[in-house]
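Notes follow the structure.
The values are calculated or read from the model by the stated rules, or taken from the named source; none is laboratory data. For clarity, every value in this text was computed on a predicted model and none was experimentally measured. Every residue, glycine among them, receives a Cβ derived from its backbone with ideal geometry; neighbour counts consider all protein chains shown.
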């Protein structure tokens, strides 16, 4: 025959182990074995393996990206200047 004390401890243990809102029990976790993983980004080509035309095309693409980065910097600096102007007290 069990004592009342033992039953209370068991009830408390079962309550603590019961899945509750906002908490995941180990049995509630999603099985990710069948979930498709995103593809890896392709590795950049080795520069030694590129032809002269490919190298020139790559330089042009990189220069365009650099120009875009310079334009973004200028836009952000302008925006920051405008924001700072709102808070200046003269």
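Scan region 70-81 and tell me whether some residue there is at pLDDT below 75 and within 32 Å of the chain's Cα centre (by Cα).
So far as region 70-81 goes, no, none of its residues is at pLDDT below 75 and within 32 Å of the chain's Cα centre (by Cα).
With under 33 Å from the mean Cα position of the chain (by Cα) and at pLDDT below 90 as the only criterion, which of 25, 11 stands out? Reasoning before the result, please.
Numbers: 11 fails: under 33 Å from the mean Cα position of the chain (by Cα).
Unique residue meeting the criteria: 25.
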Within region 78-90, track down each residue that is loosely packed, with under 10 Cβ neighbours inside 10 Å and assigned to a helix (DSSP H, G or I). 81, 82, 83, 84, 85, 86, 87
Looking only at region 45-63, count how many residues are part of a helix (DSSP H, G or I) and surrounded by 10 or more Cβ atoms within 10 Å (Cβ to Cβ). 10
